[in-house]
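Notes to accompany the following structure.
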Amino acid sequence: MRDFEPFIIAFVCNWCTYTAADLAGTSRLSYPPNTRLIRVMCTGMVDPQYVIKAFMDGADAVLVSGCHPGDCHYINGNFKARRRIRLLKEILPRFGVAPERLRLTWIGASDGIQFAQTMRELADQARELGPSRPLEMAV
Ligand code: FES
């Protein structure tokens, strides 16, 4: 799988991780080019169906990243996200997707370095797992 470049979808909170991604870009920090950011107002609005659809549509890894606990602008959205991700990791194998392909992180607005590093780690892990081949299911 030497030539395999994983396709990564990242659902990022507008208030923190999106800004960190922007900072990584303006700081010229490198992270995998096959990353597509989807800006959301809060990780609490990331419906589990979005994650499953991302895998069904070809993502090799999915990141959900938001504000640190206690910093969510909508009070407890990130805690809702944490519960949903925990459940998703249990059901993803039913769709033929390894749970390691899904990651939840808290990355603050000033953590551009951490964002770039997280994306590189996620890409490395997806490279080790190889291309994702989810089962054909209607979502
Ligand atoms: S506002 Fe950032 S996770 Fe809720």
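The values are calculated or read from the model by the stated rules, or taken from the named source; none is laboratory data. As the structure is a computational prediction, the values presented were derived from the model and not from experiment. Positions of Cβ are backbone-derived with ideal geometry, glycine not excepted, and every protein chain shown enters the neighbour counts. Just the protein is used for accessible areas: all its heavy atoms, side chains included, with ligands, DNA and RNA removed. Shrake-Rupley method; radii C 1.70, N 1.55, O 1.52, S 1.80 Å.
Determine which single condition Ala21 fails, assuming it passes every other condition in (1) open to solvent by less than 70 Å² (accessible area, probe 1.4 Å); (2) in a loop (DSSP other than H, G, I, E, B); (3) under 25 Å from Arg127 (Cα atoms); (4) at pLDDT 95 or above.
Failing condition for Ala21: (2).
Provide a single number: the residues in the range 24-36 that are surrounded by fewer than 19 Cβ atoms within 10 Å (Cβ to Cβ) and either assigned to a helix (DSSP H, G or I) or within 15 Å of the ligand (Cβ to nearest atom) (or both).
2
What's the total number of residues in the range 90-120 that are hydroxyl-bearing (Ser, Thr, Tyr) and assigned to a strand (DSSP E or B)?
From the range 90-120, those hydroxyl-bearing (Ser, Thr, Tyr) are 105, 110, 118; that's our starting set.
Now narrow it down to the ones that are assigned to a strand (DSSP E or B): 105.
Of the residues in the range 90-120, 1 are hydroxyl-bearing (Ser, Thr, Tyr) and assigned to a strand (DSSP E or B).
Give me the pairs: first residue in the range 1-23 and touching a residue at least 12 places away in the same chain (Cβ under 8 Å), second residue of a type in the set (Phe, Trp, Tyr), beta-carbon distance under 6 Å, and six or more apart or on different chains, which are they?
Partner pairs satisfying both residue conditions: Val12/Tyr18; Ala20/Phe115; Ala21/Phe115.
Check the range 81-101 and report whether any residue there is surrounded by fewer than 14 Cβ atoms within 10 Å (Cβ to Cβ), away from the ligand (no atom under 11 Å from the Cβ) and of a type in the set (Val, Ile, Thr).
Scanning the range 81-101, I find at least one residue that is surrounded by fewer than 14 Cβ atoms within 10 Å (Cβ to Cβ), away from the ligand (no atom under 11 Å from the Cβ) and of a type in the set (Val, Ile, Thr), so the answer is yes.
Out of all the residues in the range 115-130, which are of a type in the set (Lys, Arg) and under 13 Å from Leu63 (Cβ atoms)? Before you say what the answer is, go through the steps one by one.
Initial filter on the range 115-130 (of a type in the set (Lys, Arg)): 120, 127.
Scanning the range 115-130 gives a single hit, Arg120.
Looking at the range 67-76, can you tell me whether even one residue there is part of a helix (DSSP H, G or I) and of a type in the set (A, V, I, L, M)?
First, pick out the residues of the range 67-76 that are part of a helix (DSSP H, G or I): none.
For the range 67-76, residues part of a helix (DSSP H, G or I) and of a type in the set (A, V, I, L, M): absent.
Of all residues in the range 110-125, which are buried (at least 17 other Cβ atoms within 10 Å of the Cβ) and over 12 Å from the mean Cα position of the chain (by Cα)?
First pass over the range 110-125, keeping only residues buried (at least 17 other Cβ atoms within 10 Å of the Cβ): 111-112, 114-116, 118-119, 122-123.
Listed by number, the residues that qualify are Asp111, Gly112, Gln114, Ala116.
Filter the range 37-61 down to residues that are of a type in the set (Val, Ile, Thr) and within 16 Å of the ligand (Cβ to nearest atom) and give me whichever is surrounded by the most Cβ atoms within 10 Å (Cβ to Cβ). I'd like the intermediate steps shown before the answer.
Initially, the range 37-61 is screened for residues of a type in the set (Val, Ile, Thr), giving 38, 40, 43, 46, 51-52.
Right, trim to within 16 Å of the ligand (Cβ to nearest atom) and you get 38, 40, 43, 46, 51.
On the way: Ile38: 15, Val40: 21, Thr43: 28, Val46: 26, Val51: 23.
Only one residue fits best here, namely Thr43.
If you check every pair at least six apart or on different chains, which have Cβ atoms under 6 Å apart with a residue in the range 69-83 that is aliphatic (A, V, I, L, M) first and a residue that is within 8 Å of the ligand (Cβ to nearest atom) and open to solvent by less than 60 Å² (accessible area, probe 1.4 Å) second?
That search, which allows pairs on different chains as well, returns Ala81/Thr43; Ala81/Gly44.
May I ask you to list the residues in the range 1-18 that are within 16 Å of the ligand (Cβ to nearest atom) and open to solvent by less than 70 Å² (accessible area, probe 1.4 Å)?
Step one: list which residues in the range 1-18 are within 16 Å of the ligand (Cβ to nearest atom), which gives 10-18.
Ala10, Phe11, Val12, Cys13, Asn14, Cys16, Thr17 - these are the residues of the range 1-18 that are within 16 Å of the ligand (Cβ to nearest atom) and open to solvent by less than 70 Å² (accessible area, probe 1.4 Å).
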